[in-house]
Every structure is written in C-alpha cells, then in structure tokens.
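Trainee: The structure follows.
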C-alpha cells in the first residue's frame, strides 16, 4: 500500500539519492538534507559513511544503504532495505552513472554502462514506486548526448543513442554508424533508454511524478571511474574548476556540481505536480531526440527492459 505524504511533510520526509559520494550526487545530498532525511545509496561503505557523518555534523539526518546499481540483485536487496526503513519517501534521485572509454561487463555479463545507467535505475524505480508517497518526485539524471542532432555532443565525438533492443544493449551491441569510441555509444544509448523510460513512466503512473534532467557539462566530475588516469583526475579536481566560471557566459551548457545540485533540488522539492518534463541545466523544459519523444519507442524500451530484468532470478 502506498504511503501518503499529505499529512506528514515534516523533517522526517525522505529523499533517496544514488551515487551520493562524489560530484553532483554529493552536492545534491547536502542540498536535499536541508529538506528532510536523505537515504544515501552507493557501493562504497567508507565513502557513504563519510558523507553521512558530514551531513549529520550539520545537524541534518542521513542513512546509508549499500548498493551496486549495475547489479540487479544488489538493487533489489537495497530496495527492500529502503522499504524496511518505513520512511515517507517523497523524492528519488537516480543520479549514479558511469561513462567508460572501454567496455566492461557486470557480474552477469551485461555491458557495464548500460547496466549502471539504465537497467539499475530502472529496476530501483520499479521496486520502490509502490512504496513512494503520493505525488513523490522521481528524477533521472540523463544526458543530451543521446540526441544525434545535438551539435555540442557531436563536437565531443558523440553520434547519439544507438539503441537496437534492451537485450542487444545489454550485450554491448549498438546500431552501426556510431562513434569511433564504443564507450560513447554505450553511454549515449544508456541515457537515451532511461530518458525514454522516464517519459513512459510519467504516462503510466499518474500517482507519482517522473521527470528527467540534463545537468549540463560538468567537466569536474569523473564519470569514467577507473578508466580516468591520474593526470586527468588532477585536471578534473584542480585545474578545470578554475576555468568553468570564466567559460560559462560563453558556453551555455557548462555547469558545476554545485549549480546542478541546486537545480535538481528545486525540481525534487517542487509540489506543483509537473510530470513527464525533461529539464535542461538551468531547470527549463527542453526536448530530447525525435526518437526519445516517440511514445511507441518509449513503450518498447520499457517493455523490453521489463522482459530482460524478469529473467534475473529474485
């Protein structure tokens, strides 16, 4: 039975955040903690504990749940733990994501980018949806690189999402004619799929609010994880941040984790009932690719993803 938030919008109301230990997710955790309890969902216990303690030192409330979003069994276990907390959940931020330069596989042999960026957040959302408060906001962090017509994305080597099917994507197979770097095809396709799913969820489930956000280009975040070398990590943490404020007036899509977190928080605490909206880095409605706006494509992605996940034993 769904929990209603109508009579309990107190400090005990809760927001779930995946990927809360760095970048946008970490900033969003601190912002959302001003509005209620934050449930920190991540795969590194030490980092989760560090963020939780930092939030608590500010007099806020946080709890941590271990979860590897690329592992569906881990996602289901985490969802059960979250439900057992019996918190009135009014927001879910599906933020965790990776972009790899070379393909890797998860524990069941699925493409890691597709599993982390699409299958994991899809499974987590479906597991938690029945337990979210009425009118709860569910927000997916996506990327405009899914649009093959987006000039800025093409300038960085992206050729848009290359979706064939959920099964093909899980195998790491993409439509031909894409980027010379398969990592960018995997990333763009995974973000296209979860954006399509978000729009389909909004049409399917009127009790909840489903939206998506393109957070802008955040050059200081390390999506590549282990694929990013030491020198690049140094640039991301020490050098690039110095130039972002100078470049932002000239390059609209540039952002920072701090700015993105504030926009995300504004969307998640919004009580206006907006659903099925794709927001840009400034919190303004934007359009995705022609394909992702097609309800038939949205429904196909959802149906194929559900079928694929159903094959994973409970």
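Trainee: Tally the residues that are surrounded by fewer than 24 Cβ atoms within 10 Å (Cβ to Cβ) and either assigned to a helix (DSSP H, G or I) or free of Cβ contacts under 8 Å to residues at least 40 places away in the same chain (or both), restricting the search to segment 126-149.
Mentor: 6
Trainee: Right, here's the next one. If residue 206 satisfies every condition in (1) modelled with pLDDT of 95 or more; (2) under 20 Å from residue 288 (Cβ atoms); (3) surrounded by fewer than 17 Cβ atoms within 10 Å (Cβ to Cβ) but one, which is the exception?
Mentor: (2)
Trainee: Can you name the residue in segment 278-291 that is surrounded by 20 or more Cβ atoms within 10 Å (Cβ to Cβ) and under 17 Å from the mean Cα position of the chain (by Cα) and is also farthest from residue 89 (Cα to Cα) among such residues?
Mentor: So, considering only residues that are surrounded by 20 or more Cβ atoms within 10 Å (Cβ to Cβ) and under 17 Å from the mean Cα position of the chain (by Cα), the one farthest from residue 89 (Cα to Cα) is 288.
Trainee: Just to be sure I understand, how many residues within segment 35-75 are surrounded by fewer than 18 Cβ atoms within 10 Å (Cβ to Cβ), touching a residue at least 40 places away in the same chain (Cβ under 8 Å) and more than 23 Å from residue 99 (Cα to Cα)?
Mentor: Looking only at that region, the number is 1.
Trainee: Is there a residue in segment 219-226 that is modelled with pLDDT under 95, over 18 Å from residue 19 (Cα atoms) and either part of a loop (DSSP other than H, G, I, E, B) or touching a helix residue (DSSP H, G or I) at 6+ places or on another chain (Cβ under 9 Å) (or both)?
Mentor: no
Trainee: Follow-up question, since we're still on this one. Out of the residues in segment 254-279 meeting the condition of being at pLDDT 95 or above, in contact with a helix residue (DSSP H, G or I) (Cβ under 9 Å, 6 or more places away or on another chain) and part of a loop (DSSP other than H, G, I, E, B), tell me which one is farthest from residue 298 (Cα to Cα).
Mentor: 269
Trainee: Now a separate question. Could you check segment 292-308 and list, in sequence order, the residues that are in contact with a helix residue (DSSP H, G or I) (Cβ under 6 Å, 6 or more places away or on another chain) and either surrounded by fewer than 18 Cβ atoms within 10 Å (Cβ to Cβ) or modelled with pLDDT under 95 (or both)?
Mentor: 299 - this is the single residue of segment 292-308 that is in contact with a helix residue (DSSP H, G or I) (Cβ under 6 Å, 6 or more places away or on another chain) and either surrounded by fewer than 18 Cβ atoms within 10 Å (Cβ to Cβ) or modelled with pLDDT under 95 (or both).
The values are calculated or read from the model by the stated rules, or taken from the named source; none is laboratory data. Everything quoted here is computed from the prediction, not taken from an experiment. Positions of Cβ are generated from backbone atoms using ideal geometry, with glycine treated the same way; all protein chains shown enter the neighbour counts.
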